[in-house]
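K.L.:
Have a look at the structure that comes next, please.
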Amino acid sequence: MDSLSEYKPSEKWLPAVKANFNDKSLVEVEPIMRLYLHDRKFNYDNFCAVLRTLLTIDDLSTTQLYADLTQLNVNVEMNKKNQFFIKFSKDTVHNESLLSSHIDQIVFVPRDPSKDSSLPKPLVLANTITQGHVETILRVTRNRVIFNFRADLLNNSYDVIFRAPRIPVRLMYHALEIFNRSPNLRRYLFPIVDSSKEKTPVSNKPNALNLYNPSIRINVEQLQAVNQIVAGPNPQAPYIVFGPPGTGKTTTIVEAIMQLYKKGNNRILVTAGSNSACDTIALRIIKYIETYAEFQGNSNVMLRLLPYTRFKKAKKTIPPKVLEYSNFATKKKGVRYVYESLTKAKLSQYGIIVTTLCTVGIVNLVNKPQFTHIFIDEAAASIEPESLLGMVGVMGSQCHVILSGDHKQLGAVIKNDRAASLGLGKSLMERLLLHKLYEVDPSGNYDQTLQTRLRRNYRSHPEIVGIYNKLYYNGELIPLAPLSQVSQAAKWSVIPNGHFPILFQAAHGATERENHSTSSFNEREAVVLCWYLSSLLKEENVEQEDIGIVSPYLAQCKLLKRMLRKRNLTRVKVGSVESYQGGEKTIIIASMVSSFKSTHFLSNPRRVNVLLSRAKSLMILIGNPITLSENKDFKFIIDLCKENGNLLYNESNLRDDFSKRQENESTKNEDSDSDSSSGSETPTLENKLRHLLLSIKN
């Protein structure tokens, strides 16, 4: 990493920061922005300069968030566990969501009693400071940060700044510099249209491959993709596998990877923006390795290349099977892992390397491995400079790049709205799909040497598929999941009409915010959700692992996790919409949180699409129908639930009367908690909610 430039913020950007990056200020920093701001189009000539500008806007915005955490005139304290810490001031927000343990740094600048502060102004430049005592953050809580420290420095006052190593963004600046000096790669990503070539219709070509997964043989699009990738896609531009939810994108990609490896003359890089996406593909490849005799006994088929930063959390966050195939070598006892730094020679021993885009960028600084095929999965979730990390410097001669993903699902997280609106949020995959080479004609035909569009959904109930199919996929998806596997909801008593497995439960709770946070939560919705969860778990054939709870707000996720821990329901996954990208559950229960005001979540159709496409058999939505109906997509869903008898308003619909046995058990338990005035009647929802809310707060 010593060879990687710091790419520190420049003072020339300060006027643009003060002007909120308006057009005039951006043109003054980078003149090429003048034409780009007029037409908003990337091209062969402006790409690097424009993207560096947009990347700098987002970089400075993130740096400003760290600067906002600056603490002035503080003392370092020690707790009962002999841990050093400082307290955040009461008005500090974002600390838990922004700071990363074991990665981000805390800098202690000795306080000069004769000055208000020795820090530079504006504070956005504070992370360039070279003086002071530097430590790595060990843990962050809502009101304090814990770190190592020297005891002899305790009796001083400090100005404290926080900063990130900024490794990913520095690697992206570096990649743009290399890309700017690579005309062949630039032309590959900005291909020229050959108007004389006609689009070829989708067809099931004769297949000579001995497929590992025989189900692909009867799927026209999957078979087409595997055949084309193995035969060699069009060298003019990247090959794209567009895979909406449940259409078998990963199945297709992994089959193609194994077929290429079997040929024996290929070196394959499989990469993605997130570790979770890499782990998912690695597990699928491992299954092939351990199932088929031709791969068994060969320890060099695949390496899951892990960065050192993930070492401390390896055993907790990485599937054990993935660790076995990683560069975290195990000691003889099998309980301790040792990080193994790999040389170029060691890397070349493996036919398939699976790692994140960021790690590719780091390895490329030293080893510069070369590949014949580069698969970038979840490509629509990475910004273009991040995707470049998987290509610059590592593409061998005649290398093929395969992008897979769904640009109608979640994209990259961009801190600055201005940078996002100017195009930083658009992925390479999305930009290429808008190129004339990749267009689809009115008959559904396209150039098969450049792309495949998967359409057959094997995951979810047809009615669930029907919702996001109509809203986001122009009705192109074909639901093919066997009804015997996705029709459980018809038998469950929690839903009035099981043949339409989408239920909307109205809840009008108050939206609140956590201290030291901008995230929202809604206690009433959380209680209603827990009621549904408890009721479902009383049903036959419903286990905790079958249910996923999702909310757009992290504060609501934290509240729900606390509630579930009290009820010993820790095997139910609770997560944000982002955490469910690429995942699925038999049952999804969603708490929308926002009430009596518009919600930013609804303004992003990609997040809504992810939320709606996770459930296989049953989806329960809990929220304020008045607020949510202001959004046309949710109004469509709520109206459908109403037409099918699955829009519930009255509290009577929430009484625990699913069966006589369950009703008797519930009444017995609840009578002891209800008001004395309720007599022998079943307690009302209001009483249930009041008692449950009290138990949460206590």
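K.L.:
Keeping to region 558-593, report how many residues are of a type in the set (A, V, I, L, M) and touching a Ser or Thr at 6+ places or on another chain (Cβ under 6 Å).
P.N.:
Matching residues across region 558-593 total 1.
K.L.:
A further question on this structure: Got at least one residue in region 25-42 being assigned to a loop (DSSP other than H, G, I, E, B), of a type in the set (Phe, Trp, Tyr) and either modelled with pLDDT of 95 or more or out of contact with any helix residue (DSSP H, G or I) (no Cβ under 7 Å at 6 or more places or on another chain) (or both)?
P.N.:
Yes, the conditions are met somewhere in region 25-42.
K.L.:
Taking region 627-645, which residues are acidic (Asp, Glu), more than 19 Å from VAL610 (Cα to Cα) and assigned to a helix (DSSP H, G or I)?
P.N.:
ASP639, GLU643
K.L.:
Look through PHE601, PHE596 and report the one residue that is modelled with pLDDT under 90 and within 25 Å of ILE464 (Cβ to Cβ).
P.N.:
Sole residue among the options that is modelled with pLDDT under 90 and within 25 Å of ILE464 (Cβ to Cβ): PHE601.
K.L.:
Can you name the residue in region 101-113 that is modelled with pLDDT under 90 and more than 18 Å from SER157 (Cα to Cα) and is also surrounded by the most Cβ atoms within 10 Å (Cβ to Cβ) among such residues?
P.N.:
SER101
K.L.:
Kindly provide the set of residues from region 78-96 that are on the phi < 0 side of the Ramachandran plot, loosely packed, with under 15 Cβ neighbours inside 10 Å and polar (S, T, N, Q), ordered by number.
P.N.:
Across region 78-96, the qualifying residues are ASN79, SER89.
K.L.:
How about region 213-314: which helices (runs of 4 or more DSSP H) wholly inside it have at least 2 residues that are surrounded by 22 or more Cβ atoms within 10 Å (Cβ to Cβ) and under 21 Å from the mean Cα position of the chain (by Cα)?
P.N.:
Helices (runs of 4 or more DSSP H) meeting the threshold: 249-263, 275-291.
K.L.:
Please verify whether region 389-402 includes one or more residues that are at pLDDT 95 or above, among the hydrophobic types (A, V, I, L, M, F, W, C), under 30 Å from SER25 (Cα atoms) and in contact with an Asp or Glu (Cβ under 6 Å, 6 or more places away or on another chain).
P.N.:
There is no residue in region 389-402 that is at pLDDT 95 or above, among the hydrophobic types (A, V, I, L, M, F, W, C), under 30 Å from SER25 (Cα atoms) and in contact with an Asp or Glu (Cβ under 6 Å, 6 or more places away or on another chain).
K.L.:
If SER421 satisfies every condition in (1) touching a residue at least 40 places away in the same chain (Cβ under 8 Å); (2) closer than 17 Å to PHE47 by Cα; (3) among the hydroxyl-bearing types (Ser, Thr, Tyr) but one, which is the exception?
P.N.:
Answer for SER421: the failing condition is (1).
K.L.:
Quick check on TYR339: is it aromatic (Phe, Trp, Tyr) and at pLDDT 90 or above?
P.N.:
no
K.L.:
Taking SER5 as the residue in question, decide whether it is farther than 30 Å from ALA151 by Cα, of a type in the set (S, T, N, Q) and assigned to a loop (DSSP other than H, G, I, E, B).
P.N.:
When the stated conditions are applied, SER5 passes them.
K.L.:
Filter region 439-487 for residues that are more than 17 Å from MET429 (Cβ to Cβ) and among the acidic types (Asp, Glu) and give the result.
P.N.:
If the condition is that a residue be more than 17 Å from MET429 (Cβ to Cβ) and among the acidic types (Asp, Glu), then ASP441, GLU463, GLU476 are the ones that fit.
K.L.:
Output the qualifying pairs, or none if there are none: Cβ atoms under 9 angstrom, residues six or more apart or on different chains, first residue in region 5-25 and farther than 22 Å from LEU171 by Cβ and surrounded by 15 or more Cβ atoms within 10 Å (Cβ to Cβ), second residue among the hydroxyl-bearing types (Ser, Thr, Tyr) and at pLDDT 95 or above.
P.N.:
If the second residue must be among the hydroxyl-bearing types (Ser, Thr, Tyr) and at pLDDT 95 or above, the pairs left are ALA16/SER25; ALA16/THR56; VAL17/SER25.
K.L.:
With the structure loaded, tell me whether ASP91 is among the charged types (D, E, K, R) and in contact with a helix residue (DSSP H, G or I) (Cβ under 9 Å, 6 or more places away or on another chain) or whether it fails that test.
P.N.:
Criteria not met by ASP91.
K.L.:
May I pose another question? Residue check: is ASP45 under 22 Å from PRO385 (Cα atoms) and out of contact with any helix residue (DSSP H, G or I) (no Cβ under 7 Å at 6 or more places or on another chain)?
P.N.:
yes
K.L.:
Here is a further query. If I ask for residues that are more than 21 Å from CYS278 (Cα to Cα), under 19 Å from the mean Cα position of the chain (by Cα) and part of a helix (DSSP H, G or I), which ones from region 424-454 would you list?
P.N.:
LEU424
K.L.:
Right, another one. Return the residues of region 579-594 that are under 20 Å from GLU463 (Cβ atoms) and in a helix (DSSP H, G or I); say none if nothing qualifies.
P.N.:
The one that is under 20 Å from GLU463 (Cβ atoms) and in a helix (DSSP H, G or I): TYR580.
K.L.:
Now a separate question. Report, by residue number, each residue of region 420-443 that is under 28 Å from ALA615 (Cα atoms) and out of contact with any helix residue (DSSP H, G or I) (no Cβ under 8 Å at 6 or more places or on another chain).
P.N.:
Within region 420-443, just LEU433 meets the criteria.
Residue-wise test of (1) touching a residue at least 40 places away in the same chain (Cβ under 8 Å); (2) assigned to a loop (DSSP other than H, G, I, E, B).
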residue: GLY361; (1), (2): yes, no
residue: ASN364; (1), (2): no, no
residue: SER387; (1), (2): yes, no
residue: SER404; (1), (2): yes, no
residue: LYS408; (1), (2): yes, yes
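The values are calculated or read from the model by the stated rules, or taken from the named source; none is laboratory data. Everything numeric here is computed off the predicted structure, so don't read it as measured data. No Cβ is skipped: glycine too gets one built from the backbone with ideal geometry, and neighbour counts run over all protein chains shown.
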